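> If you scroll down you'll find the structure; I have some questions about it.
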Number of protein chains: 2
Amino acid sequence: MGTSERKEREKERKKAMMLEAAEKVILEKGLDQLNMDEVASRAEVSKGSLYLYFKNKTELVLGICEKASKLFAEEASKVLTKNLPGIELVVMLGQSFLNFVREHPEYFRSMKFFDNLKESEALADSEYIVRCQDNIQNSFTCMVRAIQIGMQDGSINDDYDPRELAVLLWGTSDGIVNLAYMQQNCPHYELMQDHQISLESVFENYIKLIGGGIATDGKKNKKINDS
Amino acid sequence: MGTSERKEREKERKKAMMLEAAEKVILEKGLDQLNMDEVASRAEVSKGSLYLYFKNKTELVLGICEKASKLFAEEASKVLTKNLPGIELVVMLGQSFLNFVREHPEYFRSMKFFDNLKESEALADSEYIVRCQDNIQNSFTCMVRAIQIGMQDGSINDDYDPRELAVLLWGTSDGIVNLAYMQQNCPHYELMQDHQISLESVFENYIKLIGGGIATDGKKNKKINDS
DNA sequence: TTCCCATGCTGACTTTGAGTCATTTTTTGA
DNA sequence: TCAAAAAATGACTCAAAGTCAGCATGGGAA
C-alpha cells in the first residue's frame with residue numbers, strides 16, 4: 001500500500017511550500033512584518049491549512065530555523081571531510097558561516113529568533129526546538145572536532161580546552177557574522193558605513209588575530225616533530 | 001515664569017516612569033510579552049497618555065534603548081579617563097560591556113531590538129533612532145580612542161588601522177557578551193550548559209587570545225624605547 | 001470669586017492580525 | 001457506488017495596538 005507513503009510525501013511538499021512562502025516574506029519585508037494571512041495566500045492554501053501544519057506563528061519560524069540549522073550543520077560537516085590541517089578547517093568553518101549568512105539572511109534571521117525565545121512562548125513542548133538544538137549542537141561539534149584535529153596534527157596550540165575554545169570561536173564569529181548581516185540588512189546600522197571599512201578586511205583581520213592566537217606558529221611543534 | 005519649566009520637568013518625570021514600567025515588564029516577562037495596557041497600568045496612567053508620550057510601541061522600546069546606549073556610553077567614557085596603558089583600557093571596555101549586560105539584561109535586549117529594526121518600521125522619522133545611533137557611535141569612538149592610546153604608548157601593535165581594529169573588537173565582544181546574555185536569560189540555550197564550561201573562563205581566554213594578538217608583547221617596542 | 005481657555009488626560013472604540021472551528025470538499029477502501 | 005475518514009476552508013473570536021471625542025484641571029483675566 002504505497003498510498004500512505006505518497007500522502008506523507010505530499011504533506012511534506014506542502015509544508016515545504018509554506019516554509020518557502022514564509023521565507024520569501026521575511027526576505028522581502030522582514031520577520032516583524034511576517035503575517036499568517038499573507039503566507040497562506042502566497043502558499044496558495046487557506047489560513048486554516050497553514051495552522052494544520054504549524055500550530056502557531058512561532059512554530060512556522062522555527063520550521064525555517066530547523067531548515068537553516070540543518071543546512072548549516074551539513075555545510076559544517078562537509079568542511080570536516082577535507083584533508084587539511086585543523087587550523088585551516090577552523091578557518092573554513094568561519095568562512096562558511098559568513099557565506100551562509102550572506103547567502104541566506106532570512107535563515108540567519110530565523111536563527112536569531114530562535115536564540116531570543118523565552119520559555120513563555122510555548123517552548124518546551126515543541127519538537128522544533130529540540131531539532132534546532134540538535135542541529136546547532138552538531139555544528140558546534142564540528143567546530144570542536146576541527147580544533148581537536150588541529151591539536152592532534154600540531155597546527156593548533158593545545159593549551160586550551162577544545163570545547164572551551166570552540167565556545168570562544170563560536171561566540172566571536174557569531175559577533176563578526178552579525179556585523180556582516182546588519183551591514184547588509186539594516187540600513188540604519190552605521191558602525192561601518194561612516195568610515196570606509198570593508199567587511200572583507202575586518203574578517204581577514206579576525207582570522208589573522210584569532211588564527212595567530214590559537215596557532216602553534218612554529219614555537220612549540222612537539223606534535224609535528226613526532227610525526 | 002518658572003511654571004513652564006516645572007511643567008517640562010514633570011513631563012520628563014512621567015516619561016521616565018513609563019520607561020521604568022516598561023523595563024520592569026521586559027525584565028519579568030521578556031520583550032515579546034510587553035503589552036501597552038500593562039505598561040500603562042503599571043505606570044499608573046491611561047493608555048492614551050502613554051501614546052501621548054510615545055507614538056507607538058516601537059518608540060517606547062527605543063526610549064529604553066536610548067537610556068541604555070547613553071548609560072553605556074557614559075560608562076565607556078569613564079574608562080577612558082583612567083591613567084592606564086591603552087591595551088588595559090581596551091580590556092576594561094570589554095569588561096564593562098560584559099558587566100553592563102549582566103546587570104541590565106533588559107537594556108541589552110532593547111539594544112538588540114534596535115539592531116534588528118528594518119526601515120519598514122517608522123524608522124527614518126524617529127528622533128530616538130538618531131539619538132541611539134549617536135550614543136552607540138560615542139561608545140564606539142571610546143574604543144577607537146583606547147586603541148589609539150595603546151598604539152601611542154606602545155602597548156598595542158600598530159599594524160592595524162585603529163578604526164578597523166575597533167570594529168573587530170566591537171563585533172567579537174558583542175558575540176561573547178551575547179553568549180553571556182543567552183546563558184543568563186534563555187533557558188533553552190544549551191551550548192554551554194551541557195559541558196561544564198564557565199563563562200568566566202571563556203571571557204578570560206577571549207582577553208588572552210585577543211589581547212595576545214593585538215599587544216606588542218615585547219617584540220617590537222619601538223614607542224616604548226623612545227620614551 | 002468666577003469664568004474661560006489651553007493643555008493634559010481618559011477609556012471606550014476601531015482596527016489589525018493571530019488563532020479556532022463548524023462546515024464543506026476530497027480521498028479512501030469496501 | 002457510497003459511507004466514513006481525512007483534509008481544507010474561511011468566517012468567526014479574541015487580544016492587543018493604536019485613535020479620538022469628550023472630560024478634568026489649573027492658571028490667568030475680568
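> Quote the FRET efficiency, to the nearest 0.05, computed for A:Asn83 versus B:Asp159 with a Förster distance R0 of 30 Å and r equal to the Cβ-Cβ distance.
For A:Asn83 and B:Asp159, the calculated efficiency is 0.40.
> For chain B, set up a GNM with springs between Cα atoms under 10 Å and report which of B:Asn138, B:Asn116, B:Asn157 has the largest fluctuation.
B:Asn116
> Same structure again: By Cβ position, which chain B residue lies least far from the axis that rotates chain B onto chain A, and what is the distance to the nearest whole angstrom?
Reported as residue, whole Å: B:Gly175, 1.
> Compute a Gaussian network model of chain B, connecting alpha carbons closer than 10 Å, and tell me which residue from B:Gln183, B:Gln148, B:Gln33 fluctuates the most.
Result: B:Gln33 has the largest fluctuation of those listed.
> Also, I was wondering about something else. Of B:Lys24/B:Lys78; A:Lys14/A:Lys82; A:Lys67/B:Lys118; A:Lys14/B:Lys112; B:Lys29/B:Lys208, which sit over 32 Å apart, Cα to Cα?
In this structure, A:Lys14/A:Lys82; A:Lys14/B:Lys112; B:Lys29/B:Lys208 exceed 32 Å between Cα atoms.
> Between B:Ile207 and B:Gln137, how many nm apart are label points set 7 Å from Cα along the C-beta direction?
According to this spin-label approximation, the distance is 3.2 nm.
> Can you give me the C-alpha center-to-center distance between segment B:181-214 and segment A:130-170, rounded to a whole angstrom?
13 Å
> List the residue ranges in chain B for DSSP H helices whose C-alpha atoms run 30 angstrom or more along the long axis and whose Kyte-Doolittle average is -1.0 or above. Present the calculation step by step, with values, prior to reporting the outcome.
Details: long enough: B:3-29 (39 Å, -1.39); B:57-81 (37 Å, 0.23); B:127-153 (39 Å, -0.14); B:162-185 (33 Å, 0.08).
Within chain B the helices that satisfy the rule are B:57-81, B:127-153, B:162-185.
> Please find the FRET efficiency linking B:Glu12 to B:Glu74, where r is the Cβ-Cβ separation and R0 is fixed at 22 Å, and quote it to the nearest 0.05.
Between B:Glu12 and B:Glu74 the formula returns 0.75.
> Something else: Can you quote the Å³ per residue value for the convex hull of the Cα atoms in the protein assembly as shown, rounded to an integer?
Normalising the Cα hull of the protein assembly as shown by residue number yields 175 Å³.
> So if we plug the beta-carbon distance of B:Glu44 and A:Lys24 into 1/(1 + (r/R0)^6) with R0 = 45 Å, what FRET efficiency do we get, rounded to 0.05?
0.50
> Also, I was wondering about something else. Sequence-distant or interchain residues sharing an amide H contact under 5 Å with A:Ala215, placed H: which?
A:Asn157
Read the figures in this text as sums done on the coordinates, not as results from a lab. All figures in this text were calculated on a predicted structure; none of them were measured in a lab. Methodologically, a virtual Cβ is constructed for each residue, glycine included, from the backbone with ideal geometry; neighbour enumeration extends over all protein chains shown.
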